[in-house]
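One structure is given below, encoded as structure tokens.
The values are calculated or read from the model by the stated rules, or taken from the named source; none is laboratory data. Just so you know, these numbers come straight off a predicted model, no measurement behind them. Backbone-built Cβ (ideal geometry, glycine too); neighbour counts: all protein chains shown.
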Amino acid sequence: MKDTVQTTTGKRIILRKVKYDQDYIKRSTGEKVFNVCNIILMALLLVFLLYPVLNVLAISMSSETEVMAANVTFYPIGYNPQAYVTIFKDSELWRSILNSAIVAFGGCALSLIALCIAAYPLAYGQFYGKKLYSVIIMFTMWFQGGIVPLFLTIQNLGLYDSLWALILNGLISAYNVVIIRSYFNSIPFSVVESARIDGANDFTILFRLIIPLSKPVIATVALWVIVGHWNDYMNPLILISSTKNHTLQLKLKSLVLAAESSTSNLTTLSQTTAHKGVAALSTQVKNAVLVVSMIPMISIYPFIQRYFISGVMLGAVKG
Amino acid sequence: MSTVAKKTKDTVFNSSSMRKRVFNNIWLNRYIYMMVVPVLIYMVLFKYLPMYFLRASLYDFKLLKGFEGSKFVGLKWFERMLSSPELWRYIRNTLTLNSLSLLICFPMPMIFALLLNEVRNKPYKKIVQTVSYMPHFISTVVLVSMINNILSPSLGTLAKIYKLLGKTPINFLSNPDYFYGINIVSGVWQTVGWNAIIYISAISSIDQTLYEAARIDGANRWKQTLYVTIPGVLPTFVLLLIMQIGQMLNCVFDKIYLLQNTLNLQVSEMLPTYIYKVGIESQKYGLATAGGLFNSVLSVILVLIANSISKKVSEISLF
């Protein structure tokens, strides 16, 4: 393998790279055995990771008799998409999906604006009280009120049982502020300084200059916020009560895990649901609901994973 | 910032020029203050007001009466908490689960990263890696539903396997002996890929010349892993280990709460779930707030200890 490298003086030097990979060095038997074992081990891991998801997908599309006989494993038997037709008509489910989408995407948009506005003074401001401002934000990373005080606060602010409670509660998290600030800090300060000399005010600098330069970190944090809101169960559980404001995860819990979590007994499940006057859902419908709830996140993550990975690294490097 | 403070101290007698300077600074930073003030208002309302409501732990707090109408009870709730044998059982449950998870869940990502690093087939490696991130995007409610699917004594895959082997299926979910096991296995499923990201990047940042030198010294692949790769990821491992120990008293509310049922409560009840039940469901706000405060103070102390140790060990800290 040959590689050319341009040196500082402009000369091109030819480097000879020796490829030490499997093509050149004879592998020992032990190594061969290890390679095979490793590939098999990774395949087993793939099965372990994928099986639960495929199982849900398969059950949702199989026929009633096969599901009841526990024959369905990772592929559908007796293909029957009836469950999806059933949930397509369920307006309450769609309502909860809409609620989750409002919280996830609306919350994300507001969160990003708020986070950038919170991070900008920390990165570029030279103002009285900066130290205090920083401490006020950082302290919340160490210590928070907890479940019940949060509930009491939201009650007192009159936000209980509204989607605003979920959006506002997660608006600014100290951790995200730190991540964004450290990215802002990596932008040369001269950019801000020269814009200030040109007479731009700080809002113009932030929205016209800094935010366009910070797309990678904004994308990362945006995805964190969206996935966080979409998959959140605890906050809606505490802050939302009426059915019309239920988010998807609350709806899922009431549809799929209704009685199982308290008794995990199928006979009592049908008894309690019958008692409440709600028709017991078939196993296929439950699994179809799970599939629908997973689709948005699972279908986008392979395309956006690099932002997530860079985010994990940002968090680690920040120190 | 500090130079500004010094200057103002020097000119403290020349009050008119000092006032001018302060005013100038504020005027120059007027847009910065326009950013700072709304953020501070938000922080006070949504992060510090909950801390104010920790005061409820000293009252027999009633939501509609507020602090004025509620009866002041002093440290009654704290006394009740600390004298209750239940409290220590909840803490013991949390510690048991977290110790098991530290032993089993925690090293898995590093092992996975090391093995993945040895996979020579690039596309296969990429597929394994991408699939391993998937569980990170699946919500706890869906995860628990999947667990119910697979472990269900009548419809689950595991029951099917038991039947094929000629054994009677076990109801894993209602048997307290299996609660920690279910938690750990699903914990591995959730975190093995995602938490490996940081190790994978640590491996990729190891200087390639070290491997070349090792090869020249006659090290085979196993020796290279043992003497180059593992020492390369060990600092990351130690740092994450210390941080993990700092999280010993925290537990994931969603998962514990959703996996709970009346039969496994003896081992599955932990402080956060107990606080939720007492505080939000039974509306004993005072007692629950006291419990929550106790829990957060304990965990903050633990985090601080872990943080100071990691500062000494690696000069990198969480905050």
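Step by step: first the residues of region B:197-210, then only those that are within 10 Å of chain A (Cβ to nearest Cβ) and buried (at least 19 other Cβ atoms within 10 Å of the Cβ), then the one that is farthest from residue B:128 (Cα to Cα). Which residue is that?
B:202
Quick one: residue A:199 ticks every box in (1) modelled with pLDDT of 90 or more; (2) assigned to a loop (DSSP other than H, G, I, E, B) bar one, so which box is it?
Unmet for residue A:199, out of (1) modelled with pLDDT of 90 or more; (2) assigned to a loop (DSSP other than H, G, I, E, B): (1).
Could you figure out which of (1) more than 29 Å from residue B:251 (Cα to Cα); (2) at the interface with another protein chain (Cβ under 7 Å from one of its Cβ atoms); (3) modelled with pLDDT of 95 or more isn't true of residue A:168?
Here residue A:168 meets the rest and fails (1).
Going through region B:43-82 one residue at a time, which ones are of a type in the set (D, E, K, R) and within 10 Å of chain A (Cβ to nearest Cβ)?
Let us first name the residues in region B:43-82 that are of a type in the set (D, E, K, R), namely B:47, B:55, B:60, B:62, B:65, B:68, B:71, B:76, B:79-80.
B:47, B:55, listed by residue number.
Among what's in region B:211-237 and is away from chain A (no Cβ under 13 Å) and either touching a residue at least 40 places away in the same chain (Cβ under 8 Å) or in contact with a strand residue (DSSP E or B) (Cβ under 7 Å, 6 or more places away or on another chain) (or both), pick the residue that is surrounded by the fewest Cβ atoms within 10 Å (Cβ to Cβ).
Step by step, filter region B:211-237, then rank; the result is B:230.
Output the number of residues of region B:65-123 satisfying the condition of being among the aliphatic types (A, V, I, L, M), loosely packed, with under 15 Cβ neighbours inside 10 Å and farther than 27 Å from residue B:237 by Cβ.
2
Kindly state which helices (runs of 4 or more DSSP H) lie completely within region B:53-163 and contain at least 1 residues that are touching a residue at least 40 places away in the same chain (Cβ under 8 Å).
B:76-83, B:85-104, B:108-117, B:122-133, B:140-151
Scan region A:70-87 and tell me whether some residue there is of a type in the set (Gly, Ala, Ser) and either in contact with a Gly (Cβ under 8 Å, 6 or more places away or on another chain) or within 20 Å of residue A:297 (Cβ to Cβ) (or both).
Yes - at least one qualifying residue is present in region A:70-87.
Within region A:84-130, work out how many residues are in contact (Cβ under 8 Å) with a residue 12 or more places away in the chain and basic (Lys, Arg).
The qualifying residues number 1.
What residue, of A:221, A:227, is within 13 Å of chain B (Cβ to nearest Cβ) and surrounded by 18 or more Cβ atoms within 10 Å (Cβ to Cβ)?
Within the list A:221, A:227, the selection yields A:227.
Among the numbered criteria (1) under 29 Å from residue B:145 (Cα atoms); (2) crowded, with 21+ Cβ neighbours inside 10 Å, which one does residue B:265 miss?
The number of the failed condition is (2).
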